[in-house]
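Okay, structure first, notes after.
Readers should treat all values here as calculations from the given coordinates under stated rules, not as data from a laboratory. All of these numbers come straight from a predicted model, not from anything done at the bench. Ideal geometry is used to build each Cβ from the backbone, glycine not excepted, and the neighbour counts take in all protein chains shown.
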Amino acid sequence: MSLSGSGVIAIWNDITDEGRANFYEWHDREHIPERVGIPGFLRGRRYIALSGTPEYFTLYEVEDKSVLTGADYLARLNSPTEWTTRSVQHFRNTARSLCDVEVSLGAGSGGFIGTIRFDCEPGQDPKILKTVSEAILPEVAKTAAISAAHICRADESASNVKTAEQRGRAANMVPRWVLIVEGATQEAVEHVLSTHLSHAVLADLGAQEALQGVYRLQFDLLGNR
């Protein structure tokens, strides 16, 4: 399994121009270190868009989904620092899903990452999971210059818990499914997103308005294990 745990938080967001310089300082020096200091948080990464939107993608890996509904994480969400309160006011176009990792394949991480997020009718979930995990991702993981591929499913109840930090930023979307492809080159990731995981392929499985983006790594921090 390439991801460090069986749960993730996947976050996409834009930042206002006036909040950008502060965002980097806050995210790198306080926010991600604070998050990976929570028991059960294993790793935090931030990527910047090369194509697609929003501009930033942040991925937290946790031991399991119970960490995301546990007292330690909720305590931080309900007691944001003053710096956090100021910073999240500049978030725009936020999508945030607290997910179970359904399948994670690969031998490591990649400096480039492709994300696909989409919703579907609930009755399509079994078909999507079976086809993507059993037929598509194994082929993706064998593709040249691809290091890992993952499919994650949001827990909508956990993702929609109202907290003090959430109230400080604009309302966010909760994608039902999150697909992640990691690779050594931008071209390899783009190839997978345009072939194995194209809009047409996912639409045939029942995906609604799949949104793709390709991102480059900016910051990576491990938690205390």
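Taking all Cα pairs closer than 8 Å and separated by 6 or more residues, the relative contact order of the chain comes to 31 percent. Applying a 4.7 Å Cβ-Cβ cutoff to the chain leaves 120 as cysteine residues with no disulfide-compatible partner. In this structure the amide hydrogen of residue 147, modeled in the peptide plane, comes within under 5 Å of the amide hydrogens of 182, 183, 184, none closer than 5 places in sequence on its chain.
Cα centroids of the range 121-142 and the range 56-77: 25 Å apart. List the lysines whose Cα sits under 26 Å from the Cα of residue 127, skipping any in the same chain fewer than 8 residues away. Counting by Cα, and skipping residues close in sequence, residue 127 has these lysines nearby: 65, 142.
Tell me, rounded to the nearest percent, the portion of alpha carbon pairs in the range 121-167 spaced more than 14 Å apart. Of all Cα-Cα distances in the range 121-167, 65 percent exceed 14 Å. Extents of the chain, taken as max minus min of Cα coordinates on every principal axis and listed largest first, are 46, 34, 34 Å.
Entry note: the range 14-69 has Rg to Rh equal to 1.03, where both radii use alpha-carbon atoms and Rh is the Kirkwood radius.
Ordering 107, 193, 75 by Cα displacement along the dipole of the range 7-222 toward the positive end leaves 75 in first place; charges were set at the Cβ atoms of Lys, Arg (+1) and Asp, Glu (-1).
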